[in-house]
Amino acid sequence: MSVVAAAPFNSGLLSDPDPSDGACFDYRSAPPDLPARARALAQVCRRHATVLPHAAIRFPLRHPAVASVVAGFRTPQEVRSAVRWAERDLPSRVWEDLEAVATDPPEPGTVYTGEGTSRQGRRHGA
């Protein structure tokens, strides 16, 4: 049996390469801790020369039962980007680093260093 995964961006939180505090999650404003967690994941992606939406599209495809991913887009450019991301998997090291950050959510103001640890810091523009 195969399944189709839908809404990999979760109403917008994972659709932005640098999620903002005003991001949506489950069709409403995201709880205060979620944008910070998404930004930590985005930092991992940037360190590996990709973007958070790429990981969001690819994540459900890692499960063998997932045959396809359905997502909503607003522009032709968003569709083209999503097709590129869906066709190009991420190296295992990216997934390892993302999992390390996802299972150990950051404190507010934490910056991911890419060495499996984090340090306190200020976001640019904060």
Could you please state, rounded to a whole Å, how far the C-alpha centre of segment 76-93 is from the C-alpha centre of segment 1-35? 17
Trypsin sites (Lys or Arg not before Pro) within segment 31-79: which are DSSP loop residues with at most 15 other Cβ atoms inside 10 Å? Arg74
Determine the shape class of segment 23-73: with a ≥ b ≥ c the square roots of the Cα gyration tensor eigenvalues, call it rounded for a/c under 1.5, and otherwise prolate if a/b is greater than b/c, oblate otherwise. oblate
Residue-wise, which Karplus ³J(HN,Hα) couplings in Hz belong to segment 8-16, taking 6.51 cos²θ - 1.76 cosθ + 1.60, θ = phi - 60°, and x for glycine or proline? x, 8, 6, 6, x, 4, 9, 8, 9
Quick check for me: using +1 on Lys/Arg Cβ and -1 on Asp/Glu Cβ, what's the dipole size of segment 1-79 about its Cα centre, in debye to the nearest 20? 240
Pairs of alpha-carbon atoms within less than 8 angstrom and 6+ residues apart define the contacts here; what relative contact order does segment 6-78 have, in percent? 34
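Each value in this text was obtained by applying a stated rule to the coordinates, not by laboratory testing. Keep in mind that this is a model prediction, so the values were computed, not measured. In this analysis, Cβ positions are derived from the backbone assuming ideal geometry, glycine residues included, and neighbour counts consider all displayed protein chains.
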